[in-house]
1. With respect to Asp40, determine if the residue is of a type in the set (Asp, Glu), more than 18 Å from His144 (Cα to Cα) and modelled with pLDDT of 95 or more.
2. How many residues are more than 25 Å from the chain's Cα centre (by Cα), of a type in the set (S, T, N, Q) and assigned to a strand (DSSP E or B) when one looks only at the stretch 189-215?
3. Of the residues Val49, Val96, only one is among the aliphatic types (A, V, I, L, M) and over 26 Å from Ala162 (Cα atoms); which?
4. Whether any residue in the stretch 260-267 is farther than 15 Å from Asp213 by Cβ and without any contact (Cβ under 8 Å) to a residue 24 or more places away in the chain is what I want to check.
5. Restricting attention to helices (runs of 4 or more DSSP H) lying wholly within the stretch 237-320, give those where 2 or more residues are of a type outside the set (Phe, Trp, Tyr) and at pLDDT below 85.
6. If I ask for residues that are farther than 24 Å from Thr136 by Cβ and surrounded by 12 or more Cβ atoms within 10 Å (Cβ to Cβ), which ones from the stretch 188-206 would you list?
7. Are any of the residues in the stretch 38-57 in a helix (DSSP H, G or I), within 24 Å of the chain's Cα centre (by Cα) and assigned by TED's automatic domain parsing to the domain that holds Thr91?
8. Looking at the stretch 130-156 only, could you name the residues that are loosely packed, with under 15 Cβ neighbours inside 10 Å and not in a loop (DSSP other than H, G, I, E, B)?
Amino acid sequence: MIQSVNQISLYKKIDEKLLNVSGIKFHPVELSYDNLSNNDEQYIDVSNVENKEFQINEFDAMWSPSENNLRIKQTLTIDNPSKLFGDDGITCIGNVIGIAAHIHSKESGFQKTVNFDSIRNQNEKKEININYQFPTSTIRGVVHLDFFFYLKEVNDTRPYFANKSGMLLSGEGFNSIDLIIDGSGSSFPMTEFEEKDGPLWKIEQNWADPEEDTFEASNVNIALNIKHRLFPELKKETRVINQAMMMSIMTQAMSLITQQVIIIEKHDVEDEESLIPGTILSAVSYWVKTFEIDTTNIFSIQNSFMKNIERQSLEGDNND
């Protein structure tokens with residue numbers, strides 16, 4: 001059994017020096033999911049993320065936790081595995097080290113420990129391919145992946161070395177990844193429908209009370225028509241015109257929802273302390289604050305959305 005309880009270490013663990021000597025390196029994270037239209041693997045471009053915190057819908061507005069799976073891949077290389085063993089390492093030469101991750105999410109209601117591979121005493125470079133998949137409708141909120149080395153197999157023991165199977169051989173923050181599945185309104189629920197000669201998109205609004213109903217596809221979503229001739233163009237995110245088309249759809253949708261919630265239903269988005277996280281009202285409040293929306297009337301809402309979303313987008317492009 002792998003131990004995950006914090007404790008004062010009375011034995012050797014991997015430190016910064018041993019990381020460098022052994023050449024341990026975690027390579028960039030890759031995220032993908034299965035495209036519902038053609039079952040192809042759709043990659044989410046997260047190459048520009050400097051830390052390991054990924055707000056999924058900031059990179060792919062089409063991905064939905066209720067409609068799609070999510071696959072995470074990462075390569076771990078160890079240039080000199082033998083440096084982890086022996087007197088200057090963290091375990092005896094004849095033992096086996098394991099690499100695993102504690103995967104947990106309070107909002108999703110689960111936690112598990114997943115073993116990925118074993119490391120033995122060898123001079124050759126070791127490459128470990130980490131590959132884990134979250135099925136559709138199993139994750140929400142924030143999902144944490146905390147990787148660690150542990151003593152997997154004990155064949156020999158020495159003083160100041162871990163001596164029982166499952167003992168941790170690395171400290172906290174060794175390689176931690178956070179997947180932000182849904183936030184306060186920075187992501188938008190997306191669905192698809194089929195209607196020949198129908199519109200490219202439409203808003204499906206099914207909420208009863210935006211103060212209590214959650215901001216998810218069952219209550220409100222942008223539905224894209226996969227039979228429309230322009231639908232394939234929305235998938236081509238490398239072209240500026242396609243990105244602008246999706247941005248226009250998102251802007252109009254947010255504007256319409258904001259108008260309905262504030263102007264028509266007359267809800268207050270200013271009292272942040274009374275907002276329930278994850279609700280439609282909290283999403284609208286997030287938009288109003290983030291994009292500096294003038295809520296005086298329907299025209300000011302529309303115009304300030306168009307102006308400020310485009311401005312922030314241009315600022316983001318200039319910073320790249």
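The values are calculated or read from the model by the stated rules, or taken from the named source; none is laboratory data. Please read all numbers here as calculations on a predicted model, not as lab measurements. Positions of Cβ are generated from backbone atoms using ideal geometry, with glycine treated the same way; all protein chains shown enter the neighbour counts.
1. No.
2. Residues meeting the conditions: 1.
3. That would be Val49, the only listed residue that is among the aliphatic types (A, V, I, L, M) and over 26 Å from Ala162 (Cα atoms).
4. Restricting attention to the stretch 260-267, the residues satisfying the condition of being farther than 15 Å from Asp213 by Cβ are 262-264, 266.
From the residues that got through so far, the ones that are without any contact (Cβ under 8 Å) to a residue 24 or more places away in the chain too are 264, 266.
Within the stretch 260-267 (the criterion being farther than 15 Å from Asp213 by Cβ and without any contact (Cβ under 8 Å) to a residue 24 or more places away in the chain), the answer is yes, since at least one residue qualifies.
5. Details: elements: 240-258, 280-290, 298-319.
It comes to 240-258, 298-319.
6. Passing the criteria: Gly198, Leu200.
7. Of the stretch 38-57, the ones in a helix (DSSP H, G or I) are 56-57.
Next cut, within 24 Å of the chain's Cα centre (by Cα) only: 56-57.
Among the residues that remain, those that are also assigned by TED's automatic domain parsing to the domain that holds Thr91 are: 56-57.
Checking the stretch 38-57: at least one residue is in a helix (DSSP H, G or I), within 24 Å of the chain's Cα centre (by Cα) and assigned by TED's automatic domain parsing to the domain that holds Thr91.
8. Asn131, Tyr132, Gln133, Glu153
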